[in-house]
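Trainee: Once you've had a glance at the structure underneath, I'll fire off some questions.
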Amino acid sequence: MFSCHYDGCESETDTSSSESEPDPVECALSRYKAKKFEELMNCELDSTVTCFNFPKIRDKDNRHVRFGNTSDDEQKEPSCDDLFYDETEDELNAQWISEHLPGNCGKPSDAVLNCPCCMTVLAVSCRRHPKFRTKYSSEFPVHCIVDEACALSNPKPAQAKRRKCDSTAMKSQTIANSSIGNPIKQYAVKCGVCGIVVGTKQDKSDVVQFSHVLASHT
């Protein structure tokens, strides 16, 4: 057995010793530069913090001046204008309902009629035709316009049945001739919003015959 000891080279020892011992001049110079950089950063930080804190101090002073003389007890309650509330709206709606809904007339309504084009309410009190289920009549139309320029002639001759008595037959014939000579005029009824034809109205009658409507049955 043998043992080997490596004492190292003199050149390596000198190099390692020189690297391990820094130059004091360079160390002093680096410390000086670091101190200068730190002072510069501190000055910049102080200026930045001052700029950010200055408006807050002014806002605080303004708040103190503006609200210093007021208290919670002296604040006014919000009015109806601030709340966008109309106290008379409910009364106006109730008045309109009492004037137009079927309950005010004391008679039930078969349906509520709407315009098929724009869905505008045309009648809230109406009667349904006993045979033609899509036709309605109403004495209280709303949002309707009677176009008297669009008149339709609708002659309706009276149909007289033959009687055993000749006098009855002659009287029925007279009624038929008078009906043919004086035809009943009908005017077109249009929606007051979109102008579409929704029904007809006779010349000397207040009843509107609706035939082109949407019905909401009640």
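Trainee: Using the structure shown, decide if residue 15 is assigned to a helix (DSSP H, G or I), surrounded by 10 or more Cβ atoms within 10 Å (Cβ to Cβ) and at pLDDT below 80. Give the derivation first.
Mentor: Values: assigned to a helix (DSSP H, G or I): yes; surrounded by 10 or more Cβ atoms within 10 Å (Cβ to Cβ): yes; at pLDDT below 80: yes.
Yes; evaluated as a whole, the condition is true for this residue.
Trainee: Working carefully through the options 168, 218, find the one that is under 30 Å from residue 99 (Cα atoms) and at pLDDT below 60.
Mentor: Values: 168 fails: under 30 Å from residue 99 (Cα atoms).
Exactly one residue qualifies, and that residue is 218.
Trainee: Right, here's the next one. Between a residue in the range 134-149 that is farther than 14 Å from residue 202 by Cβ and any residue that is in a loop (DSSP other than H, G, I, E, B) and of a type in the set (D, E, K, R), which pairs come within a Cβ distance under 8 Å, given they are 6 or more apart or on different chains?
Mentor: Hits for this filter: 136/110.
The values are calculated or read from the model by the stated rules, or taken from the named source; none is laboratory data. All of these numbers come straight from a predicted model, not from anything done at the bench. Virtual Cβ from ideal backbone geometry, glycine too; neighbours counted across all protein chains shown.
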